[in-house]
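Got a structure for you, written out below as structure tokens; questions coming shortly.
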Amino acid sequence: MIEIELQPWQQMTAHAEATYPNECCGAMLGSTDENGKTVTVALALDNASTGSQRARYELRPEDLLKADREARSRKLELIGIYHSHPDCDAYFSETDLKNSCPWYSFVVLSVQRGRFDHANCWLPDAEQTHAEKEELSWPKS
Amino acid sequence: MAKILIPTPLRQYADKKDSLEAPGSTVGEVLAAATAQHPDLRKQIYTEEGKLRSFVNVYLNDEDIRYLDKDKTAVGANDTLSIVPSIAGGWAGERA
Ligand SMILES: [Zn+2]
């Protein structure tokens with residue numbers, strides 16, 4: 001179970017809409033306890049893909065390193081990664097799976113015609129062969 | 001001893017610590033020493049064949065060891081190693 005607070009949620013959906021028709025990406029910081037994960041801070045990161053960013057994203061490891069340092073300095077945890085799917089469902093694609101890391105929760109935001117539509121969260125396995133859906137909750141306006 | 005920063009989701013495999021210290025004069029030796037004490041951590045970072053998993057990058061301070069001397073990169077007592085994943089994705093051409 002992963003819950004995203006209002007402020008990071010608004011930043012994530014605004015980032016996804018502003019980046020449309022390209023894919024956006026970023027990191028989610030927060031905390032974990034017995035009830036699950038709570039995202040309290042969203043960090044927008046650069047899409048470093050050199051191909052068409054309409055359907056590709058790539059995070060620079062340097063940026064993830066910075067995100068991890070930011071989390072440590074704020075006594076938070078780096079708990080997940082988000083990215084958007086412009087005009088596409090919030091599923092975990094074959095390419096997403098093949099380039100994933102099993103340590104993090106992956107939130108996918110579907111943006112349809114420039115507006116946020118729906119989201120899902122995924123937990124990929126270490127072999128990059130399967131992603132389990134993780135229950136995701138966000139503030140409904 | 002060199003310091004190894006442990007990403008949050010892996011701390012459960014490292015006695016809940018956010019960093020470990022381990023002896024060694026190269027990146028390979030330091031990681032081997034650290035993961036010898038924490039076999040479950042080793043499984044997260046290395047494949048069964050003993051290679052770093054495809055999505056795992058190791059940084060010596062601010063530099064990717066791939067662009068230094070890989071696992072033979074020299075490590076000093078005041079150096080910090082970070083474990084950083086590669087993450088990317090996309091969906092083009094998968095759906096009509
Ligand atoms: Zn994707």
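The values are calculated or read from the model by the stated rules, or taken from the named source; none is laboratory data. Just so you know, these numbers come straight off a predicted model, no measurement behind them. Neighbour counts run over all protein chains shown; Cβ positions are idealised from the backbone, glycine included.
Out of the residues in segment A:107-117 meeting the condition of being more than 8 Å from the ligand (Cβ to nearest atom) and under 12 Å from the mean Cα position of the chain (by Cα), tell me which one is farthest from A:D63 (Cα to Cα). Step through it out loud before you land on a result.
Of the residues in segment A:107-117, the ones more than 8 Å from the ligand (Cβ to nearest atom) are A:107, A:109-117.
Remaining after also requiring under 12 Å from the mean Cα position of the chain (by Cα): A:107, A:109-110.
On the way: A:V107: 18, A:L109: 20, A:S110: 23 Å.
Selected residue: A:S110.
Let me ask something additional. Restricting the search to segment A:34-87, which residues are within 20 Å of A:L123 (Cβ to Cβ), within 16 Å of the ligand (Cβ to nearest atom) and at the interface with chain B (Cβ under 7 Å from one of its Cβ atoms)?
Within segment A:34-87, A:Y57, A:L59, A:I81, A:H83, A:H85 qualify.
Only residues that are under 21 Å from B:A88 (Cα atoms) and without any contact (Cβ under 8 Å) to a residue 24 or more places away in the chain: list them for segment A:21-43, please.
none
Hey, another quick one. Within segment A:88-125, track down each residue that is within 10 Å of chain B (Cβ to nearest Cβ) and part of a strand (DSSP E or B).
Taking segment A:88-125 and keeping what is within 10 Å of chain B (Cβ to nearest Cβ), we get A:88-89, A:91-106, A:108, A:124.
Once the filter is applied, which keeps residues that are within 10 Å of chain B (Cβ to nearest Cβ) and part of a strand (DSSP E or B), segment A:88-125 yields A:S105, A:F106, A:V108, A:P124.
Let me ask something additional. Can you name the residue in segment B:44-73 that is in a helix (DSSP H, G or I) and without any contact (Cβ under 8 Å) to a residue 12 or more places away in the chain and is also farthest from the other protein chains (Cβ to nearest Cβ) among such residues? Reasoning before the result, please.
First, the residues of segment B:44-73 that are in a helix (DSSP H, G or I): B:44-45, B:65-67, B:70-72.
Next cut, without any contact (Cβ under 8 Å) to a residue 12 or more places away in the chain only: B:66-67.
Details: B:R66: 10, B:Y67: 11 Å.
Looking at residues that are in a helix (DSSP H, G or I) and without any contact (Cβ under 8 Å) to a residue 12 or more places away in the chain, I get B:Y67.
Look through B:D15, B:D40 and report the one residue that is surrounded by fewer than 16 Cβ atoms within 10 Å (Cβ to Cβ), outside any loop (DSSP other than H, G, I, E, B) and more than 12 Å from the chain's Cα centre (by Cα). Write out each step before concluding.
On the way: B:D15 fails: outside any loop (DSSP other than H, G, I, E, B).
Exactly one residue qualifies, and that residue is B:D40.
Also, I was wondering about something else. Mind checking which residues of segment B:66-89 are among the hydrophobic types (A, V, I, L, M, F, W, C) and within 10 Å of the chain's Cα centre (by Cα)? Reasoning before the result, please.
Quick first cut of segment B:66-89, residues among the hydrophobic types (A, V, I, L, M, F, W, C) only: B:68, B:74-75, B:77, B:81, B:83-84, B:87-88.
Once the filter is applied, which keeps residues that are among the hydrophobic types (A, V, I, L, M, F, W, C) and within 10 Å of the chain's Cα centre (by Cα), segment B:66-89 yields B:L81, B:I83, B:V84.
Could you tell me which residue of segment A:21-33 is farthest from the ligand (Cβ to nearest atom), considering only residues that are within 11 Å of chain B (Cβ to nearest Cβ) and over 15 Å from the mean Cα position of the chain (by Cα)?
The residue in question is A:S31.
Here is a check on your reading of the model: is A:A18 within 9 Å of another protein chain (Cβ to nearest Cβ), among the aliphatic types (A, V, I, L, M), without any contact (Cβ under 8 Å) to a residue 60 or more places away in the chain and surrounded by fewer than 17 Cβ atoms within 10 Å (Cβ to Cβ)? Step through it out loud before you land on a result.
Working: within 9 Å of another protein chain (Cβ to nearest Cβ): no; among the aliphatic types (A, V, I, L, M): yes; without any contact (Cβ under 8 Å) to a residue 60 or more places away in the chain: yes; surrounded by fewer than 17 Cβ atoms within 10 Å (Cβ to Cβ): yes.
Spelling it out, it is not the case that A:A18 is within 9 Å of another protein chain (Cβ to nearest Cβ), among the aliphatic types (A, V, I, L, M), without any contact (Cβ under 8 Å) to a residue 60 or more places away in the chain and surrounded by fewer than 17 Cβ atoms within 10 Å (Cβ to Cβ).
A follow-up question, please. Can you tell me which of B:L10, B:L31 is away from every other protein chain (no Cβ under 14 Å), under 12 Å from the mean Cα position of the chain (by Cα) and either of a type in the set (S, T, Y) or in a helix (DSSP H, G or I) (or both)?
Details: B:L10 fails: away from every other protein chain (no Cβ under 14 Å).
None of the other options fit; the residue is B:L31.
From A:H118, A:H85, which residue is over 23 Å from B:D18 (Cα atoms) and in contact (Cβ under 8 Å) with a residue 40 or more places away in the chain?
Working: A:H118 fails: in contact (Cβ under 8 Å) with a residue 40 or more places away in the chain.
Selected residue: A:H85, the only one of A:H118, A:H85 that is over 23 Å from B:D18 (Cα atoms) and in contact (Cβ under 8 Å) with a residue 40 or more places away in the chain.
Starting from residues that are in a loop (DSSP other than H, G, I, E, B) and within 19 Å of B:D64 (Cα to Cα), keep the ones in segment B:18-28 and report whichever is nearest to the other protein chains (Cβ to nearest Cβ). First the steps, then the outcome.
Initially, segment B:18-28 is screened for residues in a loop (DSSP other than H, G, I, E, B), giving B:18, B:23-25.
Pick out the ones that are also within 19 Å of B:D64 (Cα to Cα) and you get B:24-25.
Working: B:G24: 21, B:S25: 23 Å.
Looking at the filtered set, the residue picked out is B:G24.
Also: So, B:A34, is that one at pLDDT 95 or above, in contact with a His (Cβ under 6 Å, 6 or more places away or on another chain) and under 27 Å from A:S31 (Cβ atoms) or not? Lay out the reasoning, then the answer.
Numbers: at pLDDT 95 or above: yes; in contact with a His (Cβ under 6 Å, 6 or more places away or on another chain): no; under 27 Å from A:S31 (Cβ atoms): yes.
No, not satisfied.
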